[in-house]
Amino acid sequence: MQRHAFLSLLLLLGVCPVLAPPRAQAGDQPNQPTRVQVTQTAEVQGDAARARENYYSAEWYYRKALKNDRKNAVLYNKLGLVQLKVGNYRGAHDSFRRAIKLDSHNPHVYNNLGALYCLQKKYKPAVKELKHALALNESMAAAHMNMAEAWMGRGDANRAMNEYARAIELDPDILDSSRNGVIAQIATPEQRAWVNYLIAKAYAKRGNIENALEYLQRAKDGDFPNLHKVYDEEEFAALWPDPRLEKIVKR
């Protein structure tokens, strides 16, 4: 009764008493997200940022996810991809290596590491990593494309030709898409002209006349010096009657 009278007096005087909060009862606390939920949310946000090509934000979210799951090989691979995009080759290398250490059976990580080595013009280790990728998944078109680039970098055009042909056989649209993994584009303008000629040959061998002509034109635009060989190599025989070939290179 005295407590009630005292509170009434305080209120009349305009004083707001500070009362201790009630003790929390079981079940009253709001549900806190679990570590798994925090990781998954951050990963989804990272994926969304990467899709928007906001690679620095993506990296931040992937690192946040990794704070809660330090043994997640998939997250390390994704982190390596965005680091690769912003030119942080050392960081990407460490991330891919960590992913392989955690999961040595993912061909995509070996392919990504091989592509990184190609970009650094380290062709010998690139071949080694890409062989790992293809041993795990021979039908991975992106790995064949990267292997072709690696062989070109080492000056082995015959092996490069075989790899380009296999990549195009597996995925005719491989040059317009990297959905199967990272693809390195590492050649000098002179090498690229030669590569375009080899790709044209691979398309012609498969009977894809339109793409063969397109890449012959690219080879010409790159000042490929031996374009006249198109009339000597049997792989191009299907193009010989086509008048469009004469416009690219005269007999």
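Hey, how many Å between the Cα centroid of segment 123-151 and the Cα centroid of segment 227-248?
30 Å
Just how many % of Cα pairs in segment 94-221 lie over 18 Å apart, if you round to the nearest whole percent?
When all Cα pairs of segment 94-221 are counted, 49 percent exceed 18 Å.
Suppose we look only past 14 Å in the calculated P(r) of segment 189-251. What percent of the Cα-Cα pairs does that tail hold?
More than 14 Å apart: 46 percent of the Cα pairs in segment 189-251.
Taking a threshold of 20 Å on the Cα-Cα distance, which of the pairs Lys85/Lys124; Lys121/Lys229; Lys205/Lys229; Lys229/Lys250; Lys101/Lys131 fall above it?
With Cα atoms farther than 20 Å apart: Lys85/Lys124; Lys121/Lys229.
How much of the accessible area of segment 111-251, probe 1.4 Å, is carbon plus sulfur, in whole percent?
With neighbouring chains kept in place, the figure for segment 111-251 is 47 percent.
The values are calculated or read from the model by the stated rules, or taken from the named source; none is laboratory data. As the structure is a prediction and not an experimental result, all values here were calculated from the model. For the accessible areas, the whole protein counts, side chains as well, though only heavy atoms, and no ligand, DNA or RNA atoms are used. Shrake-Rupley method; radii C 1.70, N 1.55, O 1.52, S 1.80 Å.
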